[in-house]
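Student: Sharing a structure below in structure tokens format, with a few things to ask.
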Amino acid sequence: MYAHVGDRLLVEGDQARMGLIIGVPQADGSPPYIVKWLSNGHISMVSPGLFARLIPGCQRAGSAQSRLPASSSIGPRATRQRSRARRSAIHGAPGRTRST
């Protein structure tokens, strides 16, 4: 399953469980997706199950900026946290010295 910003996610064929994909953090469009649920406006990160389907949106944007929401609190901050986690996993935790 591969999505783009603007696609809709329909869970188990239930119209009450439809969301708008507002962010696709993975460059290839694979899950998880950042979804704004249409029924209540809640925003969450979702990995769709077997009974979910994507409904294509009207426009396809290929730029990297379109993959993350511009005015969301989860965009840049989450990216910085993931980057820090990757660096510490690769190079060790900051402030620690490696013993040989």
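Student: Are any of the residues in the stretch 75-89 modelled with pLDDT under 50, small (Gly, Ala, Ser) and surrounded by 10 or more Cβ atoms within 10 Å (Cβ to Cβ)?
Tutor: yes
Conditions (1) surrounded by 14 or more Cβ atoms within 10 Å (Cβ to Cβ); (2) at pLDDT 95 or above; (3) not in a strand (DSSP E or B), marked per residue:
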residue: 3; (1), (2), (3): yes, no, yes
residue: 16; (1), (2), (3): no, no, yes
residue: 20; (1), (2), (3): yes, yes, no
residue: 30; (1), (2), (3): no, no, yes
residue: 35; (1), (2), (3): yes, yes, no
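Student: Of everything in the stretch 38-52, what is touching a Pro at 6+ places or on another chain (Cβ under 8 Å) and either touching a residue at least 40 places away in the same chain (Cβ under 8 Å) or among the basic types (Lys, Arg) (or both)? Give them in sequence order. Please lay out each step first, then the result.
Tutor: Residues of the stretch 38-52 touching a Pro at 6+ places or on another chain (Cβ under 8 Å): 45-48.
Once the filter is applied, which keeps residues that are touching a Pro at 6+ places or on another chain (Cβ under 8 Å) and either touching a residue at least 40 places away in the same chain (Cβ under 8 Å) or among the basic types (Lys, Arg) (or both), the stretch 38-52 yields only 48.
Student: In the stretch 25-37, what count of residues is obtained for those that are in contact (Cβ under 8 Å) with a residue 24 or more places away in the chain and touching a strand residue (DSSP E or B) at 6+ places or on another chain (Cβ under 8 Å)?
Tutor: So the answer is 5.
Student: Any residue at all in the stretch 50-67 that is surrounded by fewer than 14 Cβ atoms within 10 Å (Cβ to Cβ), modelled with pLDDT under 95 and within 14 Å of the chain's Cα centre (by Cα)?
Tutor: yes
The values are calculated or read from the model by the stated rules, or taken from the named source; none is laboratory data. Quantities reported herein were computed from a predicted structural model and do not represent experimental measurements. Please note: Cβ atoms are built from the backbone with ideal geometry, for glycine as well, and neighbour counts cover all protein chains shown.
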